[in-house]
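Q: My structure is below; once you've seen it, I'll send some questions.
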Amino acid sequence: MSQLTKTAKKTLVGLILGNLLIIFSLMQLGKYYYENIRSPLPPQAVRSLTHLVALLQKNPQSIWPLILRNQSISWAEITLSPQPLYTKNALLTLKAPIVHNLIKQNKNLEFSVFIRENTWLNIKVISLFPRQANSVVSVFLILIGALLFINYWAVRTLNQPIHTLIQSLHYSEHQDNWLPIPITGNQDQKTIFKKINDLQEKVNKLLANRTRVVTAISHDLRTPLTRLKLRAEYLADDPNYNKIMADINEMELMIRETLDYFRDVNVEEKPQLFDLVALLSSLKEDAEESNYNVSFTSDNSKLVYYGTVNLLKRAFNNLINNAVHYGFQAIIHLSCLQHKIEITITDQGPGLAEADLEQVFLPFYRGENSRSRSTGGTGLGLTIAREIIQMHQGDITLTNNLQGGLKVLVTLPIRHS
């Protein structure tokens, strides 16, 4: 039941309610049939009564008590009397059609049958055969169970390919490479899944081609930039020399960052178990060796995590460098919650405009306040960091501190293997 989608569950509930309504209608129809059309006495019971009357009429009165004792008619009161007890339904002879007519005319079946002079057999039905009533209830219960099973089977059969699609998309969402969806279900569903696979394959090819083109262009730009840099040396006495060299260096940095970006997002490094606390601690020590103001605290002395070490190292290094460059220091804290890990990196810089808190994750985006050409950077650091964190099913969010500065919150799901 848990594998059914919400739509499938609604469909199943609707089918069940519809079937229950049908069953209720059938029960009402059956009730009307039993009360108004069908005899409360089955044919066998009617034959038993006609047989009893025939025996009494053929045999001497001395053995009547024996005949009555041998008849297993517990569903009726049978007595003998000189006069008919039920004068309204006094019969001279007993036949099945006569009994059926009496049942239609009388809610309570009671009648007297003439045996011989001064002797009448009085019959009053006191039970409508409970065994038969129980069998009717059993049939309805079996019918309900069968309908519920058929409904569930039908909905599950229709839902299974959709469930497979959702599971495949969910799985592929957390993988670096697209995995084709298993083509199952009826012909229409197979066609849809094949179209999705074809479309995704086309998108992957377009992305791969785009990556190759941008990487090739970025790589090829290095050669003319190197020549330009060498030729600029002949302009050392020019008053614009420093500006020219600054522009060339910035272009080199942008090309290098672009190549690093495409290299990182397409890396095929295999995940492994490692100590996340030790990784952040080593990054803190590396930053201190570069005379950066960085501190690190953790709620755990050791935290084993399953991921790509080099990529995560690159992501956290970008975030730390971003904090010390624009916020003058980086205060790192790691906390482990029930189902996730939180790493905060806080600085003391000017922060960002509210409109820039999400925009800064776009490639080459520069905020109006803190991210400018005078402070350096290309605008790819946060982009690369978020790409890597999202590859590990996590995310990065930015908020401005009330006391000033920017707070970076990195959330990662707990993954041990």
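Q: Of all residues in segment 389-404, count the ones that are modelled with pLDDT of 90 or more and not polar (S, T, N, Q).
A: Residues meeting the conditions: 5.
Q: Mind listing just one residue for me: the one in segment 173-193 that is more than 30 Å from Gly394 (Cα to Cα) and of a type outside the set (A, V, I, L, M, F, W, C) and, of those, modelled with the highest pLDDT?
A: Top of the filtered list is Thr191.
Q: Look at Trp75 and say whether it is among the aromatic types (Phe, Trp, Tyr), under 60 Å from the mean Cα position of the chain (by Cα) and surrounded by 12 or more Cβ atoms within 10 Å (Cβ to Cβ).
A: Details: among the aromatic types (Phe, Trp, Tyr): yes; under 60 Å from the mean Cα position of the chain (by Cα): yes; surrounded by 12 or more Cβ atoms within 10 Å (Cβ to Cβ): yes.
Answer is yes for this residue.
Q: Enumerate the pairs (first residue in segment 156-168 and farther than 15 Å from Gln187 by Cβ; second residue anywhere and hydrophobic (A, V, I, L, M, F, W, C) and not in a helix (DSSP H, G or I)) with beta-carbon separation below 8 Å, excluding pairs fewer than 6 apart on the same chain, so at least 6 apart or on different chains.
A: From residues that are farther than 15 Å from Gln187 by Cβ, the pairs are Arg156/Leu4; Asn159/Leu4; His163/Leu4; Thr164/Ile181; Leu165/Ile181; Ser168/Leu179; Ser168/Ile181.
Q: A further question follows. Which condition does Leu230 not pass, out of (1) hydrophobic (A, V, I, L, M, F, W, C); (2) surrounded by 10 or more Cβ atoms within 10 Å (Cβ to Cβ); (3) not assigned by the TED database to the domain that holds Ile16, if it passes all the others?
A: The failed condition is (2).
Q: Could you tell me whether segment 89-110 includes any residue that is in a helix (DSSP H, G or I) and either in contact with a Lys or Arg (Cβ under 7 Å, 6 or more places away or on another chain) or modelled with pLDDT of 85 or more (or both)? If you could, list the steps in order and put the result at the bottom.
A: Going residue by residue through segment 89-110, those that are in a helix (DSSP H, G or I) are 89, 96-105.
Those left that are additionally either in contact with a Lys or Arg (Cβ under 7 Å, 6 or more places away or on another chain) or modelled with pLDDT of 85 or more (or both): 89.
Scanning segment 89-110, I find at least one residue that is in a helix (DSSP H, G or I) and either in contact with a Lys or Arg (Cβ under 7 Å, 6 or more places away or on another chain) or modelled with pLDDT of 85 or more (or both), so the answer is yes.
Q: Which is without any contact (Cβ under 8 Å) to a residue 24 or more places away in the chain and under 24 Å from Ala385 (Cα atoms), of Arg212, Arg231?
A: Values: Arg231 fails: under 24 Å from Ala385 (Cα atoms).
The conditions single out Arg212.
Q: Separate question: Is segment 163-172 home to any residue that is at pLDDT 80 or above, part of a helix (DSSP H, G or I) and either of a type in the set (Gly, Ala, Ser) or touching a Gly at 6+ places or on another chain (Cβ under 9 Å) (or both)? Before you say what the answer is, go through the steps one by one.
A: Restricting attention to segment 163-172, the residues satisfying the condition of being at pLDDT 80 or above are none.
No, segment 163-172 contains no residue that is at pLDDT 80 or above, part of a helix (DSSP H, G or I) and either of a type in the set (Gly, Ala, Ser) or touching a Gly at 6+ places or on another chain (Cβ under 9 Å) (or both).
The values are calculated or read from the model by the stated rules, or taken from the named source; none is laboratory data. Please read all numbers here as calculations on a predicted model, not as lab measurements. Ideal geometry is used to build each Cβ from the backbone, glycine not excepted, and the neighbour counts take in all protein chains shown.
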